[in-house]
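Asker: Here's a structure for you.
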Amino acid sequence: SERARLPGVEPGRGLVAGGCRPARAQQEARAAAAMEFSEETLRTLLVKYKFRDLTIEELKNVVKMYPNFRFSMDTYTFKDGSLKDLLNFSGTIPVKYRGNSYNIPICLWILDSHPFAPPICLLKPTINMEISVGKHVDAHGRIYLPYLQNWSHPKSIIIGLIKEMIAKFEEELPLYSVSSSDEAKQLELLSYIAKITTGETDVNSKTMVGGQKKDGGFNKVTVIGAGDLGIACVLAIAAKGAADQVVLLDLSEGAAKGGTMDLDIFALPNVEISKDFSASADSKVVVLTVNSLGNAQSYLGVIQSNVDLFRGIVPAVAHYSQNSVLLVASHPVEIMTYVSWKLSAFPKSRVIGTGCNLDTERFQYIITNLLKAQTIGKEAWIIGERGEDKVPAWSGSTLVTCHQTEGVVNDNSQEQLVNRAMEVLKGKGQKSWSVGLSIADLIESILKNKRKVHSVSTLAKGCCNINSEVFLSMPCILGTNGVTEIIKPLKEDKLVAKKLQSSAASIHDLQQQLKL
């Protein structure tokens, strides 16, 4: 198209006004850069950086190869509105596209945990440039690349990142020059018409998937993580027929192996395996099953490893599926759901955790089918924190605890029933295939807008006098936009409320120690 040809730019000249310079200017800049790069100044600026020497050494190597990069300490605004002083490392990278050479202006925000966390990468268009939204660039100029998503020190370095950036931009140029000429406008219009008539672009924002139009009625689900749980989810979703298309995003390194290889061999209809985040585009639900396999020694360290992993995943899936519901199954589910909410900047209703859904379904089944209490089985829930601190409850009635008040004999048949059911439930483990079936059920409720009640992790602030931003399992009505309503009990048991508050306090304490 004419946009790809950069209307208003002469071939061989590249983007102007700071965007690109000819080769002679690059040679001059190389000599000047050696003088402008001051290690002493950089050392002063990075005084609060945890790994200052490693960062300085790496930036020196970048400037040797790309001499027009400059640095300054500026304030970066995160999605949640928080501010932080970070190193702004800006310059241009050489890109060859369709026989022409262009210097694309970019900005790398170097985090204070570099090189153990990837930089935030943005295009830096000048006044005469526009961003061309594509596979690796969003409307705000944020750059998304596999190299960023798989960032791991010491093998991941900024020079490697820039090289991949150049390679991707040579496939799809991220900027185009703005031209006010009538001729350029006419050519763009003709190009757009040509796209429509050749089927490259569908009218009304519909695209083609496997020869079928994908519009509001096409239900696509992406499962991130090709471990046992991820594969179990794919199989359960396919068996239940809950989605029109399922994408399994395999983030592991090397060739496909194990279950992923078997899925490739015994191909399932409407199931795609990919390593590229762009394959998840326009998903209605994105399921996160990944867990870090790091060598952390403490529980906090394990969680921080997962947070670091999510930093390279959640913003990317949020970019490609901006209207999706995020369904988190990673451990610990309450904290990782909170992390996903923060990193995605999605509304709280569209970020949920699997929470106590499986425990609740089993609890209700035990009461109704094994203990033969037909009338109250569907009123029983497991809420709060998944694990040993889970709490049995009754919706629309009184919350019930399985602990008797000291010195008091409780003859309440309902409580005795709960105690018996909880004893049976304790003997049930949570195998991958069981959790996969539970997740498939949640996905069906969301995609089909069934408005079914599930016990899932949701933002609990305001429930049971909880004042902190923590996610706990509560009975929630699920629909196409995630949580549409939280079912609150008419009367709350003080002991159960206290237990929920205790869980919220311990979760919040851990969250405060994490580096998001």
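The values are calculated or read from the model by the stated rules, or taken from the named source; none is laboratory data. Just so we're clear, the structure is a prediction, and the values are computed from it rather than from any experiment. Cβ: placed from backbone, ideal geometry, glycine included. Neighbour counts: every protein chain shown. Ligands, DNA and RNA are excluded from the accessible area calculation, which covers all protein heavy atoms including side chains. Shrake-Rupley method; radii C 1.70, N 1.55, O 1.52, S 1.80 Å.
Asker: Just to confirm the filter: which chymotrypsin sites (Phe, Trp or Tyr not before Pro) across the range 257-311 are DSSP coil and have at most 12 other Cβ within 10 angstrom of their Cβ?
Answerer: Phe266
Asker: Could you work out what % of the accessible surface of the range 315-391 is carbon and sulfur, using a 1.4 angstrom probe and leaving DNA, RNA and ligands out of the count?
Answerer: C and S atoms contribute 48 percent here.
Asker: Sticking with this one: Using 16 Å as the cut-off for backbone N distance, which residues of the range 116-159 belong to the label zone defined by a point 7 Å from the Cα of Lys84 along Cα→Cβ?
Answerer: Under 16 Å, as judged by backbone N against the label point of Lys84, lie 116-122 of the range 116-159.
Asker: Let me ask you something else. Highest first, please rank the peptides 354-365, 114-125 by the mean number of other Cβ atoms sitting within 10 Å of their residues.
Answerer: 354-365, 114-125
Asker: Evaluate E = 1/(1 + (r/R0)^6) for Glu57 and Asp262, where r is the Cβ-Cβ distance and R0 equals 45 Å; express this FRET efficiency to the nearest 0.05.
Answerer: After rounding, the FRET efficiency stands at 0.55.
Asker: Measuring with a 1.4 Å probe in the full set of protein chains, what accessible area per residue, in whole Å², belongs to the range 53-188?
Answerer: 45 Å²
Asker: With the Cα gyration tensor of the range 45-140 giving a ≥ b ≥ c as the square roots of its eigenvalues, does the rule (a/c under 1.5 for rounded; else a/b larger than b/c for prolate; else oblate) give rounded, prolate or oblate?
Answerer: oblate
Asker: By how many nm would the segment from Lys488 to Phe116 lengthen if fully extended, with 0.36 nm per residue of separation less the alpha-carbon distance?
Answerer: 129.6 nm is the gain from fully extending Lys488 to Phe116.
Asker: Once you sort the root eigenvalues of the Cα gyration tensor of the range 78-129 as a ≥ b ≥ c, which label holds: rounded (a/c under 1.5), prolate (a/b larger than b/c) or oblate (the other case)?
Answerer: Prolate is the answer for the range 78-129, as a/c is 1.5 or above and a/b outweighs b/c.
Asker: Can you list the residues, at least 5 places off or on another chain, whose amide H is less than 5 Å from the amide H of Val328, using H built in the peptide plane?
Answerer: Hits under the 5 Å cutoff: Leu288, Ile352, Gly353, Thr354.
Asker: Which entries of Lys124/Lys155; Lys220/Lys390; Lys135/Lys284 show an alpha-carbon separation above 25 angstrom in the structure shown?
Answerer: Lys124/Lys155; Lys220/Lys390
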